[in-house]
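The values are calculated or read from the model by the stated rules, or taken from the named source; none is laboratory data. In this text, all values refer to a predicted model and were calculated from it rather than measured experimentally. Note that we place each Cβ from the backbone using ideal geometry, even for glycine, and neighbour counts take in every protein chain shown.
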Amino acid sequence: MIVFYLFAWTSVLVYAAFMIIVRFGLRIMPHSPMIEEDEKLPTVSIVVAARDEETRIGRLLDSLEAQDYPRDKFEVIVVDDRSRDNTGDLVRARKKDGMRYRVLRIRDDEGQTGRAPKKYALARGIEQTTGEVIVTTDADCWMGPRWLRALAGPFSDSSVDGATGVSRFIRDPEVVKPWWSDLEGLEHLSYSVMAAGAIGAGHVQNAHGSNLAARRKVYDRIGGYSSNDKVASGDDVFLLQDVRKHGGTVIFIDRYEGYVFSKPVDTAREWVNQRARWSSKGFYYPPYLMVLLVGTFAYYLVAALAIPMAIIGLLSPSVAAAMLAGKLAAETHIMKVGTRRFGEKLPLGKFLITELLHAPAILFAGIRGQFFSFTWKGQTFGGLQPMRTGKSSRRAS
């Protein structure tokens, strides 16, 4: 038990340090500006990697066409990543109000030399961009009409090199929700709160590729995704980490106008695969962030084991209660501060239930992502599954 207690209290100290960093960042993080003067806005290229999205991409295109942003200052490049449906044709058919759409097709036999498919698709799309600022979002997302102004407008300040904002899970009101839907939404919102606090303190711990922007010349200077292009996920966080590593400034967009929305997955299996993909990048973080994240993961492990260990008499009930209470208190406080900063209210009861389920669920998904295979868009990653390779073939239209 001495080893367990040493492990436990070490993880407590690392976890506490992480929570302090996030809380400090939320306090000092400046409110992101909204640039109203059109002449000050930068030119923007929105890049979307889409695979088999014909039933969902229409909502995104509607949102982009409704943007309160000068039409001559942004373009949309959709990378049709080996879709087996009519995703690309749907985009090509869009001709509305001066919108500038381009579709780039990734073929099945195109050589990727072991690179992660999404990063490869995004990099190919970014090669075609003409804007000062690159913006990425996902084909299944939608946003309000002021989103692009909120996300890209701050780049009118030449000191801003990267940005990310809030990603929110929303289900259609007419659809019957599973009992855990609200809990999943709160868990996902907590990632944005943690990302905001870390970025406010000068660290990029998390980011949302569905709501991300980077200055094009900085992207070129850091080599794009080259430092991590074989990792299945992380097209968002690693890009902004590299921006920071090369001396760039990264900000968090805390305005509600800058929210991006998407539908959550529908089953527990899909949730595990999604979180496994997200967590698969964990071993590729910078060393100091690795310490914080591994320490936090270790604390979640201790918190998840504490109650069953107390029940069978291996751990003092007071210690088990302290471990669990520490997580509840710290993360509830952080979420209260963060949601208030975002202009939202925290449903305390639902969040406490979320907290009780969070540690074991994240442990399971995290271990799955690091050591076992998972699926995404009909593709298998991790475990013993190799990256697909093939011959190169390109077509843009």
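For the stretch 309-324, how many residues are surrounded by fewer than 16 Cβ atoms within 10 Å (Cβ to Cβ), modelled with pLDDT of 90 or more and closer than 17 Å to residue 2 by Cα?
2
Could you give every pair whose Cβ atoms fall below 6 Å, whose first residue belongs to the stretch 314-341 and is more than 30 Å from residue 256 (Cβ to Cβ), and whose second residue is of a type outside the set (Val, Ile, Thr) and surrounded by fewer than 18 Cβ atoms within 10 Å (Cβ to Cβ), counting only separations of at least 6 or pairs across chains?
From the stretch 314-341, no pairs qualify.
Could you tell me whether any residue of the stretch 343-361 is in a loop (DSSP other than H, G, I, E, B), surrounded by fewer than 18 Cβ atoms within 10 Å (Cβ to Cβ) and on the phi > 0 side of the Ramachandran plot?
Within the stretch 343-361 (the criterion being in a loop (DSSP other than H, G, I, E, B), surrounded by fewer than 18 Cβ atoms within 10 Å (Cβ to Cβ) and on the phi > 0 side of the Ramachandran plot), the answer is yes, since at least one residue qualifies.
Quick test for you: out of 312, 334, 353, pick the one residue that is outside the structural domain of residue 182 (by TED's automatic domain parsing), under 24 Å from residue 172 (Cα atoms) and among the aliphatic types (A, V, I, L, M).
Numbers: 312 fails: under 24 Å from residue 172 (Cα atoms); 334 fails: under 24 Å from residue 172 (Cα atoms).
One residue alone meets the criteria, 353.
Give just the number: which of (1) touching a residue at least 12 places away in the same chain (Cβ under 8 Å); (2) out of contact with any strand residue (DSSP E or B) (no Cβ under 6 Å at 6 or more places or on another chain) does residue 155 not satisfy?
Tallying (1) touching a residue at least 12 places away in the same chain (Cβ under 8 Å); (2) out of contact with any strand residue (DSSP E or B) (no Cβ under 6 Å at 6 or more places or on another chain), residue 155 fails exactly one: (2).
For the stretch 201-213, give me each residue that is touching a helix residue (DSSP H, G or I) at 6+ places or on another chain (Cβ under 6 Å), over 15 Å from residue 233 (Cβ atoms) and buried (at least 22 other Cβ atoms within 10 Å of the Cβ). Give the steps one after another, and end with the answer.
Keep residues of the stretch 201-213 that are touching a helix residue (DSSP H, G or I) at 6+ places or on another chain (Cβ under 6 Å), which gives 201, 204-207, 213.
This time we only want the ones that are over 15 Å from residue 233 (Cβ atoms), so: 201, 213.
If the condition is that a residue be touching a helix residue (DSSP H, G or I) at 6+ places or on another chain (Cβ under 6 Å), over 15 Å from residue 233 (Cβ atoms) and buried (at least 22 other Cβ atoms within 10 Å of the Cβ), then 213 is the only one that fits.
Can residue 218 be described as in a loop (DSSP other than H, G, I, E, B), under 13 Å from residue 242 (Cα atoms), touching a helix residue (DSSP H, G or I) at 6+ places or on another chain (Cβ under 9 Å) and of a type in the set (Val, Ile, Thr)? If you could, list the steps in order and put the result at the bottom.
Numbers: in a loop (DSSP other than H, G, I, E, B): no; under 13 Å from residue 242 (Cα atoms): yes; touching a helix residue (DSSP H, G or I) at 6+ places or on another chain (Cβ under 9 Å): yes; of a type in the set (Val, Ile, Thr): yes.
No: the conditions fail for residue 218.
So how many residues does the stretch 274-305 have that are farther than 30 Å from residue 117 by Cα, in contact (Cβ under 8 Å) with a residue 40 or more places away in the chain and hydrophobic (A, V, I, L, M, F, W, C)?
At the first step, the residues of the stretch 274-305 found to be farther than 30 Å from residue 117 by Cα are 295, 298-305.
Filter once more, so that each one left must be in contact (Cβ under 8 Å) with a residue 40 or more places away in the chain: 295, 298-304.
Cutting the leftovers down to hydrophobic (A, V, I, L, M, F, W, C) gives us 298, 301-304.
Summing the residues that are farther than 30 Å from residue 117 by Cα, in contact (Cβ under 8 Å) with a residue 40 or more places away in the chain and hydrophobic (A, V, I, L, M, F, W, C) in the stretch 274-305 gives 5.
Tally the residues that are of a type in the set (Lys, Arg) and in a strand (DSSP E or B), restricting the search to the stretch 130-173.
Pass one, the stretch 130-173, residues of a type in the set (Lys, Arg): 146, 149, 168, 171.
Imposing the further condition that a residue be in a strand (DSSP E or B) reduces the set to 168.
Final tally of qualifying residues: 1.
Go through the stretch 19-65 and report how many residues are surrounded by fewer than 16 Cβ atoms within 10 Å (Cβ to Cβ), under 16 Å from residue 91 (Cβ atoms) and of a type outside the set (Val, Ile, Thr).
Residues of the stretch 19-65 that are surrounded by fewer than 16 Cβ atoms within 10 Å (Cβ to Cβ), as a first pass: 20, 24, 27-28, 30-31, 33-34, 36-40, 55, 58, 62.
Among the residues that remain, those that are also under 16 Å from residue 91 (Cβ atoms) are: 55, 58, 62.
If we keep only those that are of a type outside the set (Val, Ile, Thr) too, we end up with 58, 62.
Qualifying residue count, the stretch 19-65: 2.
Filter the stretch 107-165 down to the residues that are closer than 26 Å to residue 82 by Cα, among the small types (Gly, Ala, Ser) and in contact with an Asp or Glu (Cβ under 8 Å, 6 or more places away or on another chain) and list them by number.
116, 121, 123, 131, 139
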